[in-house]
Amino acid sequence: MFLFAPSPTGSGHNMRALAIASALKQLSPTTKSTVLLGSLQHIFTPLFKTAGVEVTDIAGRLVDYSTSSHLDKLLNWERFVGDYVANTFVSGERILTYIALLLEEKPHVVVSDYNMSAAIAAHILGIPHALITERYDYTMLQLTDDQLKDGGFIIPNTDLERARTALHALFEWITGSSKLVLTDKPPIPEMDANTPVFASLKAGNGHFVGPMVRKGEPYDEEKIEAIRSDLNIGPGPYIVASISGTTMFLENRDALLNCYMDTFHLLRQRYKNLTMVLIGRGENLPATDGVIQASYIPNWAPLLHGAELLVSAPGWITATEVASMQIPTLFVLPSASEFHEVEALERLSRLGYPTYLGTEPAALSGRISAVIDMPRRHEYFASAFSKLAFPDNDGAGRAAKHLINLLGRP
């Protein structure tokens, strides 16, 4: 039995677990899988159950990391490690909780998605552990002090360096002790050379498998028209704008939301019949002509296939999913204080995607117009798509095969 333990900090971790568990079920229908679900239960519980995966709600309450701030601008030991890291990633209580759950469930393999507490529990109990990760090191390790200061963070003389050293040692131990390390993030040596996951790729227990997402739907005109009808999208062109599911500072999400609205008003002056579909949990905006709000769309493939452009935060599960569907995308981060996505934004830029850091409507509308008006824009994006979705979009299937091989039997 496979026990999935996605980190509860964002929808992407849940989505990877769902995609891999679904692929496992297709490859080996008698295989049993259970997921320890700690966030967005109202969205993902029915999805996992439909995929034939048993669900254990480990939170006991609805958890949604998109509705509040999670970090302090002062990165001293107490604020960063004590108040944030310990509450979110690594704590004695969390580790003991996972130990108790693993003893009750008795899995053959624990599959964690950037869930350090679950990984530690599996190693303590001697249960084979597979690490799924979009991070090559703990996030703070791949950012410089200058990048953090650009985000408005205050860095004490020694506390952050001590925290980095400790978190690097922990992540290095987790990756080195895992039977299997799987990532959907293509390596870039200039960014990753000294990281634990890059070392795993070189050692052979780590593998870049490509997008660990659900099977993408092909372009279907009837489904596009159906979702246009369901969402009341008019006959003209439309763009899709997405708000990140996890935010460090609520002020950044609000600033990006306002930027999207002001940007749309500028775009409307250029594209008279343009509609914007705004996707984001927790938003409750007044009705605005031309703007359609949706909290979450479980199957957004037809919507994206019909759009001129997707404007999205650089969440990695989104980046890989839209690359597998070959959706032209502009990735936007409102502030460098959203430190957990700064590295992703830089990587996407290096891979050839258009990106924007900030919340200036005139600048963002200019970036959007440049992509919309670009001749043969699908050809422009082709290289970036291939680097993310290599070799055939089926990262979840490859991950499932690696897990079955790890188990040693069908």
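The values are calculated or read from the model by the stated rules, or taken from the named source; none is laboratory data. Everything numeric here is computed off the predicted structure, so don't read it as measured data. Every residue, glycine as well, gets a Cβ built from its backbone with ideal geometry; the counts of neighbours run over all protein chains shown. With ligands, DNA and RNA removed, areas are computed over all heavy atoms of the protein, side chains included. Shrake-Rupley method; radii C 1.70, N 1.55, O 1.52, S 1.80 Å.
Relative contact order (percent) for the chain, with alpha-carbon contacts under 8 angstrom and 6 or more residues of separation?
It rounds to 19 percent for the chain.
Using θ = phi - 60° and the Karplus relation 6.51 cos²θ - 1.76 cosθ + 1.60, list the HN-Hα couplings for region 312-322 in order, rounded to whole Hz, with x at every Gly or Pro.
9, 5, x, x, 6, 5, 5, 4, 6, 5, 6
Report the relative contact order of region 318-410, percent, no decimals, based on alpha-carbon pairs under 8 angstrom and at least 6 residues apart.
Contact order relative to length: 33 percent.
Which of the listed residues, S349, H42, S295, is farthest toward the dipole's positive end in the chain, when Lys, Arg count +1 and Asp, Glu count -1 at the beta-carbon?
Of S349, H42, S295, it is H42.
Accessible area, 1.4 Å probe, largest first: how do K215, K185 sort?
Ranking K215, K185 by accessible area, largest first, yields K215, K185.
Only helical DSSP H runs with n ≥ 4 go in: add -39500 (n - 2.57) per run for the chain, normalise by residue count and round the 222 nm mean residue ellipticity to 500 deg cm²/dmol.
Taken over the chain, the calculation gives -13500 deg cm²/dmol.
What's the carbon and sulfur percent of the chain's accessible surface, probe 1.4 angstrom, rounded to a whole number?
After summing per-atom areas, the C and S share lands at 52 percent.
Name the residue farthest towards the positive end of the dipole of region 29-172 from the options G151, V85, A100, assuming +1 on Cβ of Lys and Arg, -1 on Cβ of Asp and Glu, about the Cα centre.
Looking along the dipole axis, the top candidate is A100.
Please work out the Cα center distance from region 374-410 to region 150-174, rounded to the nearest Å.
32
Out of T329, T165, T133, any idea which swings most in a Gaussian network model of the chain, alpha carbons joined below 10 Å?
T165
Write down the accessible area per residue of region 194-352 in Å², having rolled a 1.4 Å probe over the full set of protein chains.
Here the per-residue accessible area is 38 Å².
May I ask you to list the lysines whose Cα is less than 27 Å away from that of K149, ignoring any residue fewer than eight positions away on the same chain?
K73, K185
Sort S349, S91 by heavy-atom solvent-accessible area, probe 1.4 angstrom, most to least.
Of S349, S91, the descending order of accessible area is S349, S91.
What list of ³J(HN,Hα) couplings, whole Hz, do you get for region 347-355 from phi and the Karplus terms 6.51, -1.76, 1.60, once you set θ to phi - 60° and write x for glycine and proline?
The phi angles translate into 5, 5, 4, 5, 7, x, 7, x, 9 Hz.
Among [x] 27, 59, 14, 0; [y] 25, 55, 17, 3, 0; [z] 29, 64, 7, find the value of P(r) over Cα pairs in 20 Å bins from 0, in percent that was calculated from the structure presented, and write down its label.
Only one option fits the structure, namely [x].
Applying the Karplus parametrisation 6.51 cos²θ - 1.76 cosθ + 1.60 with θ = phi - 60° to the phi angles of region 165-172, what ³J(HN,Hα) value in whole Hz is obtained for each residue in order, glycine and proline being reported as x?
Per-residue couplings from phi come out as 4, 5, 5, 5, 4, 5, 5, 5 Hz.
Given H placed on each backbone N at 1.01 Å, which residues far from Q293 in sequence or on other chains put an amide H within less than 5 Å of it?
It is L278, by chain and number.
If the reach is capped at under 25 angstrom between alpha carbons, list the lysines near K49, excluding any in the same chain fewer than eight residues apart.
The reachable lysines, counting only those whose Cα sits under 25 Å from K49, are K25, K32, K106, K215, K223, K401.
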